[in-house]
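*Asks:* This is the structure I have questions about; it appears just below.
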Amino acid sequence: MTETNPPKAPIWIIPTIVFSQFAGTSLWFAGNAVLGDLQVYLKLTGDQVLGSITSSVQLGFIAGTLVFAFFAISDKFSPRKIFLVCALLGATANLAILWLATNLFSLLFLRFVTGFFLAGIYPIGMKIAAGWYQKSLGKAIGFLVGALVLGTAFPHFLKSIGGALSWQLVLQSVSVIAALGGIAMYLFVPDGPYIRKGSAFNPKVLLQMFRTKDFRSAAFGYFGHMWELYTFWAFVPIILQHYAALNQWQTNFSLWAFIVIAIGSLGCIVGGLISSKTGSARVAFFQLLASGALCLLSPLLFQLPLFLFLLLLLIWGIVVIGDSPQFSALTAKTAPKEYVGSALTIVNSLGFAITIFSIQLANYLYTVINPNYIFLVLVVGPLFGLWHMRSLAKQGL
């Protein structure tokens, strides 16, 4: 193998990775999609359930990424084997809600376990792709994050079918699809020629990395992005239902939640293509600017005609996630080369920790103020990220 004649990935590799990533990450919001039914089934009351069930998955994912990194799991074992095992165990934890969830605590624990095994699906899928694609990795990451978006939205689509699928069948279907994704990855995607052992997780280098200005800018931009992203996704059904209540709109909320979240895959894919010409920083900056503007305008959304409301909500769905692949690329580019693995782990974990605070804050505000104004709190993230991204955008990195 030489740089002048690099090996070419078989044509089925990227479609299989994309399908497997989509299938595995469909576990992420499976509980949210059937939340109303779960509340009735488990006799749960109160307005804090949405935030709690979402945050439990995030906490599990954070714990999983740190455990996997600390023990260098992806260095000791084949990534495709890790992906398979985690897809099967995550699917089992999701399915176990049908048998073991008897109260809020047991439900949150099972969602935590599901999030833990998602740490062996989403990041490991990235590593598998990096093993096959080198020069075109930026585009590949765009496709993979697009698959994450579709996977996140998919349970809402299943729920939107309505009477055709019970909430139990939604959970069963998601688990089966996630398991199939793991099996497909194992059977059809061998370890690629560019697989490299990453540096072991080393928390001591945290301060050293953040002393680097460009890395700090990329990381802080990502943190601002994450403050907004998962809170927006979690509250899409709330946005739709609140608009409907104010404007006497009858619709299939689950279907529209699926569309608003899923359309973000376009932002990832198109952004990835544009970044090869303009640089990742500019794509990330302008998408974060657009989503921040929509946060700021969010109180006005509920007073708009239906067409404009849906149009702006769809645009928000595109730009809220379209910058995510570019932040991943920027973090890898600006991190000290010997600590890229630790850098990605630390930034990813901190980013998901931030989502817990923003979700809980929005969830609390939902109980005490007019829902029209809840999403103003999200603008803090984009403003913070944009301020720190200015220098990277000027460089065209």
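*Asks:* Name the residue farthest towards the positive end of the dipole of the chain from the options H388, A147, F258, assuming +1 on Cβ of Lys and Arg, -1 on Cβ of Asp and Glu, about the Cα centre.
*Replies:* Projecting each Cα onto the dipole axis, the largest value belongs to H388.
*Asks:* Per-residue ellipticity at 222 nm for the chain, helices alone: DSSP H runs ≥ 4 residues times -39500 (n - 2.57), over residue total, nearest 500 deg cm²/dmol?
*Replies:* -25000 deg cm²/dmol
*Asks:* Just how large is the dipole of the chain about the Cα centre, in debye to the nearest 20, putting +1 at every Lys and Arg Cβ and -1 at every Asp and Glu Cβ?
*Replies:* Computed about the Cα centre, the dipole is about 1000 debye.
*Asks:* Can you work out ³J(HN,Hα) from phi for every residue in the stretch 276-286, in order, using Karplus 6.51 cos²θ - 1.76 cosθ + 1.60 and θ = phi - 60°, giving whole Hz and x for Gly and Pro?
*Replies:* 5, 9, 9, x, 5, 4, 5, 4, 4, 4, 6
*Asks:* Looking at this model, which pairs from K8/K139; K76/K139; K139/K277; K127/K333; K81/K139 are more than 22 angstrom apart at the alpha-carbon?
*Replies:* Among K8/K139; K76/K139; K139/K277; K127/K333; K81/K139, the Cα-Cα distance tops 22 Å for K76/K139; K81/K139.
*Asks:* Taking a ≥ b ≥ c as the square roots of the Cα gyration tensor eigenvalues, with a/c under 1.5 meaning rounded and otherwise prolate when a/b beats b/c, else oblate, which class fits the chain?
*Replies:* Taking the square roots of the gyration eigenvalues as a ≥ b ≥ c, the chain is oblate.
*Asks:* I've got another one for you. Convert each backbone phi in the stretch 361-370 into a coupling constant with the Karplus relation 6.51 cos²θ - 1.76 cosθ + 1.60 (shift: θ = phi - 60°), then list the ³J(HN,Hα) values in order as whole Hz, x for Gly and Pro.
*Replies:* 5, 4, 5, 5, 4, 4, 8, 10, 10, 4
*Asks:* Ranked from highest to lowest mean number of other Cβ atoms within 10 Å per residue, what is the order of the peptides 274-282, 171-179, 389-397?
*Replies:* 171-179, 274-282, 389-397
*Asks:* When the Karplus curve 6.51 cos²θ - 1.76 cosθ + 1.60 is applied with θ = phi - 60°, which whole-Hz ³J(HN,Hα) does each residue of the stretch 97-110 get, with x for Gly and Pro?
*Replies:* Values, residue by residue: 4, 5, 10, 10, 7, 10, 7, 5, 4, 5, 5, 5, 5, 5 Hz.
*Asks:* Explain nothing, just the number: relative contact order of the stretch 201-397, from Cα pairs under 8 Å at least 6 residues apart, as a whole percent.
*Replies:* Here the relative contact order equals 44 percent.
*Asks:* Related question: At a threshold of 8 angstrom on Cα-Cα distance, excluding pairs fewer than six apart, so keeping six or more, what relative contact order does the stretch 8-189 reach in percent?
*Replies:* Taking the mean separation of contacting Cα pairs over the length of the stretch 8-189, I get 45 percent.
*Asks:* Also, quick follow-up: Please report, in debye to the nearest 20, how large the charge dipole of the stretch 201-397 is about its Cα centre when each Lys and Arg carries +1 at its beta carbon and each Asp and Glu carries -1 there.
*Replies:* Taking the Cα centre of the stretch 201-397 as origin, the dipole is about 660 debye.
*Asks:* Taking the mean number of other Cβ atoms within 10 Å as a proxy for protection, how do you rank 124-133, 290-299 from highest to lowest?
*Replies:* My ranking of the peptides, most packed first, is 124-133, 290-299.
Read-outs throughout are calculated quantities, based only on the coordinates presented, and are distinct from any laboratory measurement. Please read these numbers as outputs of a predicted model, since none were measured by experiment. Neighbour counts run over all protein chains shown; Cβ positions are idealised from the backbone, glycine included.
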